[in-house]
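As structure tokens, the structure follows; a few thoughts come after it.
The values are calculated or read from the model by the stated rules, or taken from the named source; none is laboratory data. Here the structure is a predicted model, which means the values were calculated and not measured. Note: ideal-geometry Cβ built from the backbone for every residue, glycine included; neighbour counts use all protein chains shown. Areas reflect the complete protein model, heavy atoms only, side chains present, ligands, DNA and RNA absent. Shrake-Rupley method; radii C 1.70, N 1.55, O 1.52, S 1.80 Å.
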Amino acid sequence: MPLEVVFYRTKSGNEPVRAWLKALSKQDKKAIGGDIKTVQYGWPLGMPVVRKMEPGLWEIRCRLDKRIARVLFAVKGKQMVLLHGFIKKSQKTPQADLQLAKERKANLEK
């Protein structure tokens, strides 16, 4: 049974990951969408597609043309909630991006 993919929604109704995806090129959207679908239908998965960041928080590792993207997500019941997406510029996941995903995950649990 595949997971249902849901975008994290702020209190004001914005969906930051959806907005981020819409701003990307068609080629990048297709690559990231394919990786999300792989996780959706294959969960639970491990490396090289998915890496656990901390308890309850994972990242989808997307290879784009000359760039790397990450989508941080949590699994809540049968839902895969996309919390944050970004283009990676260094080896290590930036603390600010990780913190933002953690805060959004905490908001889910309220």
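Listing for the model above:
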| quantity | calculated |
| --- | --- |
| Cα gyration tensor shape for segment 66-110, rounded if a/c is under 1.5, else prolate or oblate | oblate |
| With 10 Å bins from 0: P(r) over the chain, alpha-carbon pairs, percent | 14, 52, 32, 2 |
| Added length on full extension, which subtracts the Cα-Cα distance from 0.36 nm per residue, residue 15 to residue 93 | 25.9 nm |
| D (Stokes-Einstein, µm²/s), Kirkwood Cα radius, segment 38-90, 0.692 mPa s at 37 °C | 286 |
| Label-point separation in nm, residue 108 to residue 52, each point 7 Å along Cα→Cβ | 1.6 |
| Heavy atoms of residue 87: accessible area, 1.4 Å probe, square angstrom to 10 | 40 |
| Anchor residue 11: aspartates and glutamates whose Cα lies under 17 Å away (excluding residues fewer than 8 positions away in-chain) | 103, 109 |
| Residue pairs, from the table 76/102; 26/102; 37/78; 52/76; 29/66, whose Cα atoms sit over 18 Å apart | 26/102 |
| Carbon plus sulfur fraction of accessible area for the chain, probe 1.4 Å, in percent | 53 |
